[in-house]
Amino acid sequence: MKRTRLLALLTAALLSVLAHAQDKPREVRYCTNCATVEALNPVPAGGGAHRYEMVLRYTDGKVKTFRYDNDRGLRVGEKVKDNNGGVVRDVPAKPSR
């Protein structure tokens, strides 16, 4: 009889903890330097040359424009990272075995 009561108390406590855990909102975290190339625009630089303007949309919704003298080889929709003001392709990590 004592075991049954103890088991019932433990079950009630566990259910209470689980119900409370579901009430807490989940914290959403963003990669602060992860982005997607939203637009690539050639900009005339005079003398027939072009500069390039790249618009990035970060995972937190912010938008930032970068300007380069040459084509960086990136395409619209590509995942990138802002590496201290330089844009680099986001290479997925290799799965560990």
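The values are calculated or read from the model by the stated rules, or taken from the named source; none is laboratory data. Everything numeric here is computed off the predicted structure, so don't read it as measured data. Methodologically, a virtual Cβ is constructed for each residue, glycine included, from the backbone with ideal geometry; neighbour enumeration extends over all protein chains shown.
Below is a table of values for the structure above.
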quantity: Residue, farthest from the chain's Cα centre (by Cα), within the stretch 53-76, restricted to residues that are closer than 17 Å to Thr36 by Cβ and among the hydroxyl-bearing types (Ser, Thr, Tyr); calculated: Thr65
quantity: Looking only at the stretch 45-86, and only at residues there that are at pLDDT 90 or above and β-branched (Val, Ile, Thr), the one that is surrounded by the most Cβ atoms within 10 Å (Cβ to Cβ); calculated: Val80
quantity: Any pair with Cβ under 8 angstrom, 6 or more apart, that starts in the stretch 28-57 at a residue that is free of Cβ contacts under 8 Å to residues at least 12 places away in the same chain and farther than 14 Å from Val88 by Cα and ends at one that is part of a strand (DSSP E or B) and of a type in the set (Ser, Thr, Tyr); calculated: Pro42/Tyr52
quantity: Subset of the stretch 87-97 [part of a strand (DSSP E or B) and surrounded by 14 or more Cβ atoms within 10 Å (Cβ to Cβ)]; calculated: Val87
